[in-house]
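Remarks on the structure that follows.
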Amino acid sequence: MVDDNGYILKVSNLCVKMQHQVLLDHINFKVTRGTTLAVLGPNGAGKTVLFRTLLNLVPHTGSVEWMEKTKIGYVPQYVTVSDIPMTVNEFLSMGNGISVGDALDMVRLSNAGIENKRLGVLSGGQLRRVLIAWALSGNPNVLLLDEPTTGVDMDSEEPIYLLLNEIKKKQKMTILLITHNIHIVQEYSDDLLALNKCVTFYGPSSDIVKHEVQHQIHGGPVCVETTRRGT
């Protein structure tokens, strides 16, 4: 299992095909423990497929190697809360780790008075924080976040990323997040993986300001060979 040089995840030659359609083509990257990897790409680029493959929910070739004893918390992009007729307390009580109170405290909702509210009446920001609390309830050391501010108004987006950054530092968490927001990539991630079914850029997030990197991500060929940290 991956544990050399501080890596918690190593993905090698990952390919996903469904109904003769290539969804991911020879994906290679590594993630260092305690860092944040942002995954960027257009709609249909394979970002969510990648996350589901990392969770071993999608048939694939190639390899996905997690460090031994890795525990993953996952927040999907879309959750139909009408299909979950529960209160916040009932929902979080289904977790198998920290208490409801502690979970809400971690996402700064302990004084919001929402424990007895149904999920469907929460604001977008409250719902996303509850979902993050659910993901944290199993005491993971990795969080996979598929566009964690989906359904959240613009004023509430930044506080959620600030919160996630705080959780990462306090708990030495590793985070992989999907986003379309270049500002989020710059401010809240260490490394960037740009996808368009294959890797179009892989490197430090700070490089996103460079013209040649912008060309690779947005204007270059669909697939290019990339090298990063021995990958």
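The values are calculated or read from the model by the stated rules, or taken from the named source; none is laboratory data. These numbers come from a predicted model, not from an experiment. Using ideal geometry, Cβ is built from the backbone for each residue, glycine included, and neighbour counts are taken over all protein chains shown. Protein only, heavy atoms only, side chains kept; ligands, DNA and RNA dropped before computing areas. Shrake-Rupley method; radii C 1.70, N 1.55, O 1.52, S 1.80 Å.
Listed values, structure above:
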| item | result |
| --- | --- |
| Qualifying positions in region 51-82 - surrounded by 17 or more Cβ atoms within 10 Å (Cβ to Cβ) and small (Gly, Ala, Ser) | Gly73 |
| Selection count, region 16-50, where residues are in contact with a strand residue (DSSP E or B) (Cβ under 6 Å, 6 or more places away or on another chain), among the β-branched types (Val, Ile, Thr) and open to solvent by less than 30 Å² (accessible area, probe 1.4 Å) | 5 |
| Filter pass, Glu157 being crowded, with 17+ Cβ neighbours inside 10 Å and among the acidic types (Asp, Glu) | yes |
| Search result, residues across region 129-150 that are open to solvent by 10 Å² or more (accessible area, probe 1.4 Å) and under 17 Å from His180 (Cβ atoms) | Glu147, Thr149, Thr150 |
| Qualifying residue in region 183-198 (condition: loosely packed, with under 15 Cβ neighbours inside 10 Å, modelled with pLDDT under 90 and not in a helix (DSSP H, G or I)) | no |
| Residues within region 204-213 that are farther than 13 Å from Thr35 by Cα and touching a residue at least 12 places away in the same chain (Cβ under 8 Å), tallied | 5 |
| Region 45-65: number of residues that are touching a residue at least 60 places away in the same chain (Cβ under 8 Å) and over 17 Å from Leu177 (Cβ atoms) | 1 |
